[in-house]
1. Here are some conditions: (1) without any contact (Cβ under 8 Å) to a residue 24 or more places away in the chain; (2) surrounded by fewer than 20 Cβ atoms within 10 Å (Cβ to Cβ). S52 meets all but one. Which one does it not meet?
2. Quick one: is S63 open to solvent by 10 Å² or more (accessible area, probe 1.4 Å), over 18 Å from L32 (Cα atoms), in contact (Cβ under 8 Å) with a residue 24 or more places away in the chain and polar (S, T, N, Q)?
3. Quick one: would you say L187 is surrounded by 18 or more Cβ atoms within 10 Å (Cβ to Cβ), closer than 27 Å to A47 by Cα and in contact with a helix residue (DSSP H, G or I) (Cβ under 6 Å, 6 or more places away or on another chain)?
4. Just the residues that are open to solvent by less than 20 Å² (accessible area, probe 1.4 Å), farther than 16 Å from T56 by Cα and in contact with a helix residue (DSSP H, G or I) (Cβ under 6 Å, 6 or more places away or on another chain), please, taken from the range 78-98.
5. Going by what's in this entry, would E246 be described as open to solvent by less than 30 Å² (accessible area, probe 1.4 Å), farther than 17 Å from G36 by Cα, without any contact (Cβ under 8 Å) to a residue 60 or more places away in the chain and of a type in the set (D, E, K, R)?
6. Just checking, which of H225, H219 is surrounded by 20 or more Cβ atoms within 10 Å (Cβ to Cβ) and in contact (Cβ under 8 Å) with a residue 40 or more places away in the chain?
7. For a quick check of your reading of the model, give me the residue pairs whose first member lies in the range 120-148 and is within 27 Å of N178 (Cβ to Cβ), whose second is of a type in the set (S, T, N, Q), with beta-carbon atoms closer than 6 Å and at least 6 apart or on different chains.
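The values are calculated or read from the model by the stated rules, or taken from the named source; none is laboratory data. Being a predicted model, the structure only gives us computed values, none of them experimental. Glycine also receives a Cβ, built like all others from the backbone with ideal geometry; neighbour counts cover every protein chain displayed. With ligands, DNA and RNA removed, areas are computed over all heavy atoms of the protein, side chains included. Shrake-Rupley method; radii C 1.70, N 1.55, O 1.52, S 1.80 Å.
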Amino acid sequence: MAKNTLLNWEARFTGIKQTLLLYALLHVYLKLIIEGDEVYTKVKKNAPPGESLGWTVVLMDRSSRFLWELRCGRKDSKLFKKALGTLEQLINQTQDLSLITDGERRYGNVLFEICHGLIRNGKKGRPRKTLKKGVKVRVKNKGSQSHKRGPKRSKYQTPHPEHPTTEQDIKDGDIHANHCEAFNSSLRRRNSTFRRRSNTYAKNETSLQRTLDVYWVVHNFLRAHFTTKQVPAVAFGIIDKDLSWEELLAIPMAA
C-alpha cells in the first residue's frame, strides 16, 4: 500500500471518530464511572519523559469499556484540558458522573476549573466553589510516602469540594483505574509505537494521534471486548449492533 493511500485512510478515520463521538455525546446517561490514566511512548527521539509528546490520556467508561478519549501530547495542563473537554460535554448529558484516577491530580484540577459551580446560600461573603451537582472526583494515591516531607496524603482522596446534594456512593475499594491499566497493556501490544523494548518511535505527534484515532474507532465500534464479550458501543447502548467495515467507512458520506 502506498504511503499517501495509508495517510488518507487514517485521516478518514479521524473524521469518522468525530462523527461517532458527537453521536455518542447526544445520548443521555443516568450514571457513569470514568477511569483516567496515562500511557507513555517516545516521539521522534529518545527524550526525557517530561519533554516527550507521546503522553496519551485515556478516559474509559468502567462498565462497557467504551473509550471517551485517546489524546496524545506533552504532559501538561493543555493536554488535560483537551481530553477533559469531552467530559465537560458529557456532564451535561449525565445525572451522575464519577471520575476516578490513580494518583494523577491534574484530572481533578482541570475538571474543577472547567465545570465548577457556586453554592449560593444567602450568607455574606464569596459563594463557595464546588463541582457541579452529580459530579465526583476520586484519587487513589499509589506507593509509599514515607520518604516525603510534610503531611502525608491518605490513600483515597476527594481532592475537590463536591456539591452538597451529590450522592456519595463510591466505596474505597472501587477507587482504582485497573481497567484503564489493562487497556494500556493491550495498546502496547497492538500499537508498535507503544512497545517498551522497541526503537519504533512515532515520527511526530500528528502521526501518533492518527493511529490513536483509528484505534479508538476499532476498539469502540468494531472489536468485541474480551471481558464483556460485546463491542463497547453496544454494551454502552449507543448502537444496537456492532458495525461492519462497510458500514463504518460509509459514515462520513452519510453524515
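1. Failing condition for S52: (2).
2. no
3. For L187, the condition - surrounded by 18 or more Cβ atoms within 10 Å (Cβ to Cβ), closer than 27 Å to A47 by Cα and in contact with a helix residue (DSSP H, G or I) (Cβ under 6 Å, 6 or more places away or on another chain) - is met.
4. The answer is L97, and nothing else.
5. no
6. Sole residue among the options that is surrounded by 20 or more Cβ atoms within 10 Å (Cβ to Cβ) and in contact (Cβ under 8 Å) with a residue 40 or more places away in the chain: H219.
7. Listed by first residue and then by second, the contacts come to G134/Q95; G134/T166; K136/S98; V139/T101; V139/Q157.
Yes or no, residue by residue, for (1) within 23 Å of G173 (Cβ to Cβ); (2) within 15 Å of the chain's Cα centre (by Cα); (3) not β-branched (V, I, T):
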| residue | (1), (2), (3) |
| --- | --- |
| S64 | yes, yes, yes |
| R74 | no, no, yes |
| G85 | no, yes, yes |
| Q89 | no, yes, yes |
| D102 | yes, yes, yes |
| R105 | yes, yes, yes |
| T130 | no, no, no |
| K133 | no, no, yes |
